[in-house]
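The values are calculated or read from the model by the stated rules, or taken from the named source; none is laboratory data. In this text the structure is predicted, and so the values were computed from the model without any measurement. Cβ atoms come from the backbone with ideal geometry, glycine included; neighbour counts cover every protein chain shown. The protein model used for the area step is the full one, side chains on, heavy atoms only, and it has no ligands, DNA or RNA in it. Shrake-Rupley method; radii C 1.70, N 1.55, O 1.52, S 1.80 Å.
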Amino acid sequence: MDFVCPVSELLLPARKPPARVALPQRSRSLDQPMTSAEETAGVLNDGGKSKPTSSKPPASTSSSRRKSSDTKKDRAAEQEEKRKRDSIFTLFPDLQWKPTVEENVSVPVEYCDWMAPFSCDGRFTARFDLLPMELILKVFKQLNASDRLAASETCRRWLEAAHYYEPFQRQMYFNFDRIEFNDEDGPIKYFSQPLRTYPYLTFTFVEFTRHSDFWLNNGMYIKELTLRCCLIRKKKFITIMKHLPALERLELMQCDELFKHWTLDYSTDEPMFPFTLPRLKHLSLAACDYYNEYHFERFIEAAPALESIDVSNCFINLYLSRRMTMISRVLRLVSKNRHMMRALNISDIPCFDDVAWHLLAEIGGLFLTHFTVTYTDRIPLKDPGILKFFTVQTKLTHLDLTSSIGVNDVCLQLIVENCPLLEVLKVRRCWLLSDEGVQDLHTLQHLRVLDVSSCDRISDYGMRVGILGKRPRRMDAVYFSLLNTLSDYSMYYLVLMFKNLQVLDLDSNATITDTSLQYLCCYSQELRNLNLQSCAKIGANFPNLAVLNIGGSSTCMTDWSAQYIFCNLVNLEHLNIERSTKLTDAGFTGIDLPEKTFSIWDVEETFAIDRLKKLRVLKVSGCYRMTDFALRYGFRFTELKELSLSRCHQISEAGIERLVATCPALEYLDLSECPNINDSCVKMIAIQLKRIGTLKLANCPLLTEACLEFLYLYVRGCFKLPPDIAERLAKIPTLRQVYKS
């Protein structure tokens, strides 16, 4: 862009002419010609005597004098204009001036970034890529991960803002699922020569059998690596680990092939790894059954700074003697790193008996903060090891005892007494717990998350006296699902005692009535996640509610209830109203309601579901009364990510055509068991929904093989396909990806 400034349009102050002596002139008639400046000067040089000229000079002499006078005036004017122009050039040396006809003036101009949006005619063109990075990050913080990923494809500056900001990097995980790991084809080809770093990676059902430069180019930046159900051997695994000096978390889940064919020479002390992982803090070997004590011990030697270990669901397929050996090796590791060990997960490990509990309790200097265990044995009457362990572990903050059917009231009382710093306590499906065990839970002042779901022996009295207590305190999340003893009185105490409650799970509680919900409406105004089995009128006292789950309330969810939700819960992000068989198009759109939601004098108003502008997940499966009319006049969501319309039998091509136009950001769409969905619907979805990732079309009888041209193809294991199927399918322009065997 060149900034051009014409000289002729500038207004500059005129320079004063030099002073001249006023000459006395005699009066002359109008037909007498005027004398030139040279003649006047000549008269002055003669001593001021003016000689009279003839009153009638010859015509030729008069015309020649006039022409010479005009030529001299034009020449003087041109010189004056050139002098002014030269003075302007000296004042503004960085500007490029519009040259005149006589001369060409060209001066190069360098522009700053802030001048780019401005044009020569004074108009402004928006350049969002030139926004300050602080402002771009502030805007991106309001978006979720998928929206930031889509926005990063706009320009390099937005790409930098979306991927290189540390809090955004922590939320971005790259999951490679069922791919061929090589540099020649597939997604790895594009990741091998990176334009950015990938610190958090997950591989699921991936075969590491070929050479790749991915680890050489990206290994120094990887902080977390998860291999889940992957086919990897010893040589490839060691090669990968050599290029990960900054690794902090390593998870090897169900990687049986890695240890099944990894043989060791037990007679030698040859190190298993020719390297170390000095920064590794968390190691997970969950659901790996084929590693032995030598694998485990030498594997641990490569991680001297280990703070957390997860061996859950292991040693199931081993003999009893091998199980006991592996448990002793785990305890030896904990004892070796006792001053650094902070988290331990030994859930679903068979044969973790009372002897193992005694060995764990006798490790001096061990102070865990996170502990997860599944205790299924009966607590012995004499010197139980589990009680001894919780007596010495006084710094626990997160304790998960889910499905520990051996934990009784005595054990829970001891935990409450010796672990006053507990913040998270989960005792879901601990069936031996009763009112006596929970009678002191209200004394835990730091408790923020409590899960007592499926504890049938806890009565309404134990809930009110032991868990709720008499003093208000802060609580973030409580889970009371499958507790059929809750009464309205307990719900009243719950909303009074638990201040700042944000998550409340009351799933499958048959005793919850409309009165309990009215208590929630009046006192729990900061609730953000509510899981209910039934629904009454949910009013405006839930202004911050973000997640509402009332799926299955077929008898309570009506058009009237839906109108109250759409009117007041404008901050909802997740709404589940599945199997609400009384909901109709009138409830979704607010059109043709028999009774208006608000009616004051002559003012009547109804509300549509698209009033929920922040909605990201919507589940309306089984609402078979909904038709294309609701999709046309009620579903206008520009930010909706997931939509479930399965078993909505009256939805057809007309509704899908409107849906793909008004919901462009859909990434997940479920149209299973919709009998009117045809190939045209699939074509519109594949072409117009650019960000669609999952489309479910189970039991749609009108679909033919023509729709396969617009979908992802999963043909792994289809051995009758020709060898060149990938090349032939690649010619389909709308095909996104092909999974082949």
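Working only within the range 209-223, note down all residues that are under 24 Å from the mean Cα position of the chain (by Cα), closer than 13 Å to I240 by Cβ and part of a loop (DSSP other than H, G, I, E, B). Listed by number, the list holds a single entry, I222. Screening D185 against (1) under 22 Å from K690 (Cβ atoms); (2) in a loop (DSSP other than H, G, I, E, B) leaves a single unmet condition, (1).
Considering each residue of the range 551-565, count those that are hydroxyl-bearing (S, T, Y) and open to solvent by 20 Å² or more (accessible area, probe 1.4 Å), and give that number.
4
Scanning the range 396-452 for residues that are open to solvent by less than 30 Å² (accessible area, probe 1.4 Å), of a type in the set (A, V, I, L, M), assigned to a helix (DSSP H, G or I) and under 23 Å from T485 (Cα atoms) gives L412, L441.
Beta carbons closer than 7 Å, at least 6 apart along the sequence or on distinct chains, pair a first residue in the range 610-633 that is in contact (Cβ under 8 Å) with a residue 12 or more places away in the chain and closer than 16 Å to Q563 by Cα with a second that is in a helix (DSSP H, G or I) and among the hydrophobic types (A, V, I, L, M, F, W, C) for R611/F566; L612/F566; M626/F588; A630/F588. For the range 678-705, the set of residues classified as in contact with a Cys (Cβ under 6 Å, 6 or more places away or on another chain) and either within 30 Å of E153 (Cα to Cα) or modelled with pLDDT of 90 or more (or both) consists of V682 only.
Taking the condition open to solvent by 30 Å² or more (accessible area, probe 1.4 Å), closer than 27 Å to I651 by Cα, at pLDDT below 65 and among the aliphatic types (A, V, I, L, M), does L721 pass? Give the derivation first.
Numbers: open to solvent by 30 Å² or more (accessible area, probe 1.4 Å): yes; closer than 27 Å to I651 by Cα: no; at pLDDT below 65: yes; among the aliphatic types (A, V, I, L, M): yes.
Considered against the rule, which asks whether it is open to solvent by 30 Å² or more (accessible area, probe 1.4 Å), closer than 27 Å to I651 by Cα, at pLDDT below 65 and among the aliphatic types (A, V, I, L, M), L721 comes out as no.
For the range 535-546, the criterion of being within 30 Å of D592 (Cα to Cα), of a type outside the set (V, I, T), surrounded by fewer than 17 Cβ atoms within 10 Å (Cβ to Cβ) and modelled with pLDDT of 75 or more is met by at least one residue.
Tell me whether the range 254-264 contains one or more residues that are within 37 Å of the chain's Cα centre (by Cα), among the hydroxyl-bearing types (S, T, Y) and open to solvent by 80 Å² or more (accessible area, probe 1.4 Å). So far as the range 254-264 goes, no, none of its residues is within 37 Å of the chain's Cα centre (by Cα), among the hydroxyl-bearing types (S, T, Y) and open to solvent by 80 Å² or more (accessible area, probe 1.4 Å).
Considering the range 566-588, and only residues there that are within 16 Å of L640 (Cα to Cα) and β-branched (V, I, T), the residue that is surrounded by the fewest Cβ atoms within 10 Å (Cβ to Cβ) turns out to be V570. Go through the range 456-483 and give me each residue that's touching a helix residue (DSSP H, G or I) at 6+ places or on another chain (Cβ under 8 Å) and either assigned to a strand (DSSP E or B) or of a type in the set (G, A, S) (or both). Result: G466, G469, R473, V478. Screening L631 with (1) open to solvent by 10 Å² or more (accessible area, probe 1.4 Å); (2) modelled with pLDDT of 90 or more gives one miss only, at (1).
Here's the yes/no breakdown for (1) closer than 15 Å to L277 by Cβ; (2) within 35 Å of the chain's Cα centre (by Cα):
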site: E301; (1), (2): yes, no
site: A305; (1), (2): yes, yes
site: D310; (1), (2): no, yes
site: L318; (1), (2): no, no
site: R322; (1), (2): no, no
site: T325; (1), (2): no, no
site: S328; (1), (2): no, no
site: K336; (1), (2): no, no
site: M340; (1), (2): yes, yes
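Selection of the range 635-663 for residues being on the phi < 0 side of the Ramachandran plot, open to solvent by 10 Å² or more (accessible area, probe 1.4 Å), assigned to a loop (DSSP other than H, G, I, E, B) and not polar (S, T, N, Q) yields R636, E639, K641, H649. Taking the conditions (1) farther than 28 Å from T376 by Cβ; (2) surrounded by fewer than 18 Cβ atoms within 10 Å (Cβ to Cβ); (3) at pLDDT 85 or above in turn, A477 satisfies each one other than (1). Among the residues of the range 444-453, is there at least one that is out of contact with any Cys (no Cβ under 8 Å at 6 or more places or on another chain), closer than 16 Å to T511 by Cβ, at pLDDT below 90 and among the polar types (S, T, N, Q)? No: the range 444-453 contains no residue that is out of contact with any Cys (no Cβ under 8 Å at 6 or more places or on another chain), closer than 16 Å to T511 by Cβ, at pLDDT below 90 and among the polar types (S, T, N, Q). Taken over the range 246-260, the criterion of being part of a loop (DSSP other than H, G, I, E, B), at pLDDT below 90 and within 22 Å of S212 (Cα to Cα) is satisfied by C255 alone.
Close contacts from the range 191-208, counting a first residue that is without any contact (Cβ under 8 Å) to a residue 40 or more places away in the chain and in a loop (DSSP other than H, G, I, E, B) and a second that is open to solvent by 10 Å² or more (accessible area, probe 1.4 Å) and among the β-branched types (V, I, T), with Cβ to Cβ under 6 Å and a gap of 6+ residues or different chains, come to V206/I179.
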